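Notes follow the structure.
The values are calculated or read from the model by the stated rules, or taken from the named source; none is laboratory data. No experiment lies behind these values; they were computed from the predicted model shown. A quick note on method: Cβ atoms are made from the backbone with ideal geometry, for glycine too, and the neighbour counts reach across all protein chains shown. The area values use the complete protein model at the heavy-atom level, side chains included, leaving out ligands, DNA and RNA. Shrake-Rupley method; radii C 1.70, N 1.55, O 1.52, S 1.80 Å.
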Amino acid sequence: MNWFFPIHYFLHLIFPGVVAYAATPKLPHKWWKVYMVLLATMIIDLDHLLATPIFDPNRCSIGFHPLHSPIAIGVYVLMIFIPNFWVRVIATGLIWHILVDLLDCMI
């Protein structure tokens, strides 16, 4: 386990809750739902099951796995412009996930 492991999972699992809470100040009843949707965007890691080995601590996910590809990332960015609250929440979660994985690649 490297030193970044706990930070990586904090950024994937806990920080989105802080973002959800801060992003819905006028809708305090909705922050939990937003948080759950942000967590659900972790499902893009299912593409790791297509790789051999499934987990390689020295492999960068960005550009290797299909849902972490430049085309997929472009789709996630375009989703931000769809005028629907929940689509934007999903896009935010997917982009955040990619940024955290990118940070992992840089470290």
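So, in segment 23-48, exactly how many residues are at pLDDT 90 or above and not basic (Lys, Arg)?
Final tally of qualifying residues: 16.
Would segment 62-73 turn up any residue that is of a type in the set (Val, Ile, Thr), surrounded by 13 or more Cβ atoms within 10 Å (Cβ to Cβ) and in contact (Cβ under 8 Å) with a residue 40 or more places away in the chain?
yes
Out of Ile82, Ile107, report the one residue that is open to solvent by 70 Å² or more (accessible area, probe 1.4 Å) and touching a residue at least 12 places away in the same chain (Cβ under 8 Å).
That would be Ile107, the only listed residue that is open to solvent by 70 Å² or more (accessible area, probe 1.4 Å) and touching a residue at least 12 places away in the same chain (Cβ under 8 Å).
Could you pull out the residue among Met42, Met106, Met79 that is of a type outside the set (S, T, N, Q) and over 27 Å from Trp3 (Cα atoms)?
Met79
Are any of the residues in segment 87-101 open to solvent by 50 Å² or more (accessible area, probe 1.4 Å), closer than 27 Å to Asn2 by Cβ and of a type in the set (Asp, Glu)?
No, every residue in segment 87-101 fails to be open to solvent by 50 Å² or more (accessible area, probe 1.4 Å), closer than 27 Å to Asn2 by Cβ and of a type in the set (Asp, Glu).
Count, please, the residues in segment 11-37 that happen to be open to solvent by less than 30 Å² (accessible area, probe 1.4 Å) and of a type in the set (Val, Ile, Thr).
Residues in segment 11-37 being open to solvent by less than 30 Å² (accessible area, probe 1.4 Å) and of a type in the set (Val, Ile, Thr): 2 in total.
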